[in-house]
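The values are calculated or read from the model by the stated rules, or taken from the named source; none is laboratory data. Note that the structure is predicted; figures quoted are calculated from it, not measured. Backbone-built Cβ (ideal geometry, glycine too); neighbour counts: all protein chains shown.
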Amino acid sequence: MSGLVELWVSLEESVLADSSIAWRYRPALLFECLLEFRDLRAEIVHSEDRRYTTWLPRDEAAADWSVSAVGELAPEQIRTTPQPGIRPYEDVVALTDARLAEFENDLIEHLMRSERVILHHNPNLRLYSRLNESREAFLERALEEVRARLQPTLKELMREFQLQLEQLRQRPFSDDVPEELRSGLEVQRRRMISRVEARLNRVVLDHPIGAALRDESVEDVWDVSPEGEKGEEVPEELRPLAQELERLYETAAARAGALLREALEQARECEPYAVALHPHGIRILRRALLWVPTPD
């Protein structure tokens, strides 16, 4: 049996000291493996050392690698000689290289079916989580990606409405407005337009999309109604302008809100993505006949 060694699982001395229980070795298989998970789309290459045990089957039966002979096998539990006080196995263990190859093939098939690295995946953004990245951290990263992709569109939207605001700034007063009022009205008009522009900057560019993502109960975080100038009387000559500014603000805020809500839905998409093993990603490092103490 080439490449096969014998190892023994040890018991604590306090357990062996209990005379009410007799212990006897039972044969099992130990395979130490190097698993490599590789996925080009997720850009992941990850290796792990694993130990797998199963009871040595009788006769021609297949090994059941879904049932471990030893749950957690720490290196300090493994001995290279039998432990005094544990009875030996009384039957004959017959293992050939061909039989051992069968067990190895069964293990590889079991690992290909069962072993997975689970990532988070946002299909809209084609974004994958990093290894061991939490769902919350991945959603934050998806949010930043959405924000970066959306920013040029929001800036273009802002430029569109800034152009309309500039046209309002340059619009001449009606001939009916007395000359002595024009200077004061001009100052007030520019102040009204600047305030609306500042509010548009907040609602279009400085949007609270991050807060909305972290609090899924938030249904509407975008203000679509302009802040009124409390305590400031709008002159009759500027009331048409005030109404036009209100319509412009509501239109801009509604369009920005629609874009942001769509982006928020994209950022919230998160589904599991499993990276499976390829046969070439499984390396058997060591095979051993493992003797496991069991109550007699």
Any hit, region 55-72, residues being among the small types (Gly, Ala, Ser), outside the structural domain of Ala263 (by TED's automatic domain parsing), buried (at least 16 other Cβ atoms within 10 Å of the Cβ) and touching a residue at least 40 places away in the same chain (Cβ under 8 Å): yes
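Applying the selection to region 33-44, what residues are surrounded by fewer than 16 Cβ atoms within 10 Å (Cβ to Cβ) and touching a strand residue (DSSP E or B) at 6+ places or on another chain (Cβ under 6 Å)?
At the first step, the residues of region 33-44 found to be surrounded by fewer than 16 Cβ atoms within 10 Å (Cβ to Cβ) are 34, 36, 40-41, 43.
Leu34, Glu36 - these are the residues of region 33-44 that are surrounded by fewer than 16 Cβ atoms within 10 Å (Cβ to Cβ) and touching a strand residue (DSSP E or B) at 6+ places or on another chain (Cβ under 6 Å).
From the residues in region 75-96 that are hydrophobic (A, V, I, L, M, F, W, C) and exposed (fewer than 10 other Cβ atoms within 10 Å of the Cβ), which one is farthest from Arg287 (Cα to Cα)?
In the first step, residues of region 75-96 are kept if they are hydrophobic (A, V, I, L, M, F, W, C); the result is 78, 86, 92-95.
Filter once more, keeping what is exposed (fewer than 10 other Cβ atoms within 10 Å of the Cβ): 92, 94.
Working: Val92: 19, Ala94: 15 Å.
Result: Val92.
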Single condition Ser19 does not satisfy, out of (1) in contact (Cβ under 8 Å) with a residue 40 or more places away in the chain; (2) over 20 Å from Arg116 (Cβ atoms): (1)
Region 223-257, subset within 15 Å of Arg189 (Cα to Cα) and at pLDDT below 85, residue surrounded by the fewest Cβ atoms within 10 Å (Cβ to Cβ): Glu233
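Residues to consider are Arg99, Arg141; find the one that is surrounded by 14 or more Cβ atoms within 10 Å (Cβ to Cβ), under 35 Å from the mean Cα position of the chain (by Cα) and not acidic (Asp, Glu). Lay out the reasoning, then the answer.
On the way: Arg99 fails: under 35 Å from the mean Cα position of the chain (by Cα).
Every option except Arg141 fails the conditions.
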Lone unmet requirement of (1) exposed (fewer than 15 other Cβ atoms within 10 Å of the Cβ); (2) touching an Asp or Glu at 6+ places or on another chain (Cβ under 9 Å) for Leu125: (1)
Test result for Ala63, of a type in the set (Gly, Ala, Ser), within 23 Å of Val5 (Cβ to Cβ), assigned to a loop (DSSP other than H, G, I, E, B) and in contact with an Asp or Glu (Cβ under 7 Å, 6 or more places away or on another chain): yes
First in region 177-191 and surrounded by 12 or more Cβ atoms within 10 Å (Cβ to Cβ), second anywhere and among the β-branched types (Val, Ile, Thr) and not in a helix (DSSP H, G or I), Cβ under 9 Å, 6 or more apart: Leu185/Val177; Gln188/Val234
Test for Thr81: is it more than 30 Å from Ile193 (Cα to Cα), part of a loop (DSSP other than H, G, I, E, B) and either assigned by TED's automatic domain parsing to the domain that holds Met192 or among the polar types (S, T, N, Q) (or both): yes
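If only one of Ser19, Ser10, Ser47 is exposed (fewer than 12 other Cβ atoms within 10 Å of the Cβ) and farther than 25 Å from Pro279 by Cα, which one is it?
Ser19 is the lone residue from the list that is exposed (fewer than 12 other Cβ atoms within 10 Å of the Cβ) and farther than 25 Å from Pro279 by Cα.
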Arg287, sole failed condition from (1) among the charged types (D, E, K, R); (2) at pLDDT below 90; (3) assigned by TED's automatic domain parsing to the domain that holds Glu109: (2)
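Could you run through region 14-60 and say how many residues are in a strand (DSSP E or B) and of a type outside the set (Asp, Glu)?
First pass over region 14-60, keeping only residues in a strand (DSSP E or B): 23-39, 44-55.
Then drop every residue that is not of a type outside the set (Asp, Glu), which leaves 23-31, 33-35, 37-38, 44-47, 50-55.
Counting residues in region 14-60 that are in a strand (DSSP E or B) and of a type outside the set (Asp, Glu) gives 24.
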Some residue of region 95-118 being more than 30 Å from Ser19 (Cβ to Cβ), assigned to a loop (DSSP other than H, G, I, E, B) and of a type in the set (A, V, I, L, M, F, W, C): yes
